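One structure is given below, encoded as structure tokens.
The values are calculated or read from the model by the stated rules, or taken from the named source; none is laboratory data. This is a predicted model, so every value here is computed, not measured. Note that each Cβ is placed from the backbone with ideal geometry, even for glycine, and that neighbours are counted across all protein chains shown.
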Amino acid sequence: MAQLSRFPVAPPHRAPEREATAHLALRAYATFVLFSALAYSWWYNLLGPIAAVALLSATVVATLAIWVPNLSRRRGAQAYAWRRLPWIALVYVAFAITSVIWSQWPAATAMTWAVLAGVTLQALFLADMLTWGEIVRGLEVALRWIIGGSLVFEAWVALVVEHPILPNFFPVSGEPDPHWYWVRGNLFDSFLVGDRVQGIVGNSNLLGMLCVLALIVFGVRMRIAIVDRLSREVVISRAVWILLAVWLLVRAGSATSAVAGAVAGAVLLVALAMRRQATPGGRTRVYAVSTGLALALGAICWLGYDRILGLLGRDGDLTGRADIWATVIDRALAHPVIGNGFSSPWVPWDPAFDGWIVDHHISVFQAHSMWLDAFLQLGALGVVLIAGVYGSAVWRTWFFAVDRPRWDAHDDRAYSPLTLVPILVLWALLAQGLTESNPIMLWGWMLTVLFVSKVKVTPELTHPDRDAEIGTRSPRRGILRTADPAVRAES
């Protein structure tokens, strides 16, 4: 018979511990770093090249000031996992600086390598200091700043300034080429089909790709809000941000971004199908069907190449890219093994690039293909290293997304929406890399190194010895149940 007792069997309820102010400041700083990398051209167009370089250099110094003391204090199990560094990516970085020995443009090699080393350092810092949930949340906030800032900036130029503006607010004299403008003020010309908008980044293709990243991150955060049964206000807010990203993607009018978004969507469907399979045979069937569909789609694209380009509003030479590729290949074949020397992006005022390839009276600063760019700069060895970096990243993040979290005998732990972010972003970057070079420089490289480094160090989300990003879900009912309010707040 049960009896009343003055000694409860469970500990009394208590409020969760408040997060340390220092860690809150770290998360805010990390968000600023992500924003500055994703919207690097905002700082360039706003402050000018010298001030922008000074600002980004200051963030690298600040990162070292935060990270180095933290590393020196950690001992034992908390020590940094040096063996789990993304070594292939670091070999590529080392090979890039080594190319200054034979570079045809040594000054450009040294200058752009400093940028590559800086973004690589930032990626390793973020992967080490933040949890998976904090990384995705930081990306969400940074992309919100870009989406919201682009809408406000475009509206200000259209309604207040009432004429296009040039970078650094240079005065407009005469009629410069429209491609020179930072923002043209086209936001209200049409609701859907109209002149392309460029946002705070000053480039429609870059803005479109950032919108694709935003849809990936916003969509995952929206799923977390629904599954975790967060408040209606949170769900509505995240839905509004998704709609704004979709609208801005349409207004950017970037065919490359549209293809990248479609590829990410296809990968998402395959990953979700894989998550529903309970047996190895089921997974094999998903692999077989998806491979067959991919081959069929590839054949359709090959046979209907011109018609598909017409639907995307592009001509047969991909808006001049065919001529750029032919010119790049001619120079790359002069040194096919080790390349002509690293420079990502190309430095337009260097004599080797100034006036070499000109588009709309502007010296082109990339090969518009990450594979051709790697071949030009670091030859066949560079292409092999880039393939190794992205091959390793896709392999690890794929199984991070489709395998259940497991660190003991239990194999029924719930999937997390957060694990889909790395694989979707990487496939979007690979699709973009066919006609752009962003995946091997600046923010594209930083996200790649960030994800592959983080997945090597923290290959699961809910290990009891690590900070959990999302609560556990009952496999039978499929409903998220978060016991700790602090863990719930993480989502």
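Annotations for the structure displayed:
- None of LEU249, LEU295, LEU272 is farther than 23 Å from ASN203 by Cβ, aliphatic (A, V, I, L, M) and touching a Leu at 6+ places or on another chain (Cβ under 9 Å) except LEU272.
- Residues within segment 26-50 that are touching a residue at least 60 places away in the same chain (Cβ under 8 Å), among the small types (Gly, Ala, Ser) and surrounded by 17 or more Cβ atoms within 10 Å (Cβ to Cβ), tallied: 4
- Figure legend. Inter-residue proximity from segment 156-171: first residues at negative phi, second residues in a helix (DSSP H, G or I) and surrounded by fewer than 14 Cβ atoms within 10 Å (Cβ to Cβ), beta-carbon distance below 8 Å, spacing 6+ or different chains. Indicated pairs: PRO164/PRO178.
- Taking segment 264-309 as the range and being among the β-branched types (Val, Ile, Thr), touching a helix residue (DSSP H, G or I) at 6+ places or on another chain (Cβ under 7 Å) and under 21 Å from ALA414 (Cα atoms) as the test, the residues that pass are VAL267, VAL270, VAL286.
- Just one of the numbered conditions (1) modelled with pLDDT of 95 or more; (2) within 21 Å of LEU130 (Cβ to Cβ) is not true of ILE97: (2).
- Restricting segment 352-384 to residues that are free of Cβ contacts under 8 Å to residues at least 12 places away in the same chain and assigned to a loop (DSSP other than H, G, I, E, B) leaves a set whose member that is farthest from ILE97 (Cα to Cα) is GLY355.
- Just one of the listed residues (GLY261, GLY265, GLY282) is in a helix (DSSP H, G or I) and more than 23 Å from THR435 (Cβ to Cβ), namely GLY282.
- Of all residues in segment 133-185, those that are modelled with pLDDT of 85 or more, part of a loop (DSSP other than H, G, I, E, B) and polar (S, T, N, Q) total 0.
- Selection from segment 330-351 of residues that are in a loop (DSSP other than H, G, I, E, B) and hydrophobic (A, V, I, L, M, F, W, C): LEU333, ALA334, VAL337, ILE338, PHE342, TRP346, VAL347, TRP349
- Qualifying positions in segment 415-447 - in a helix (DSSP H, G or I), within 30 Å of VAL347 (Cα to Cα) and among the aliphatic types (A, V, I, L, M): VAL425, LEU426, ALA428, LEU429, LEU430, ALA431, ILE440, LEU442, MET446, LEU447
Listed here are the residues, each with its yes/no results for (1) among the hydrophobic types (A, V, I, L, M, F, W, C); (2) within 23 Å of GLY341 (Cα to Cα).
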residue	(1), (2)
LEU381	yes, yes
ILE386	yes, yes
TYR390	no, yes
ARG396	no, no
PRO417	no, no
PRO422	no, no
GLY433	no, yes
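- When ALA245, ALA266 are checked against the criterion of being of a type in the set (Gly, Ala, Ser), modelled with pLDDT of 90 or more and surrounded by 23 or more Cβ atoms within 10 Å (Cβ to Cβ), a single residue qualifies: ALA245.
- Candidates ALA89, ALA107, ALA114, filtered to the one that is surrounded by fewer than 17 Cβ atoms within 10 Å (Cβ to Cβ), closer than 28 Å to VAL383 by Cβ and within 22 Å of the chain's Cα centre (by Cα): ALA114
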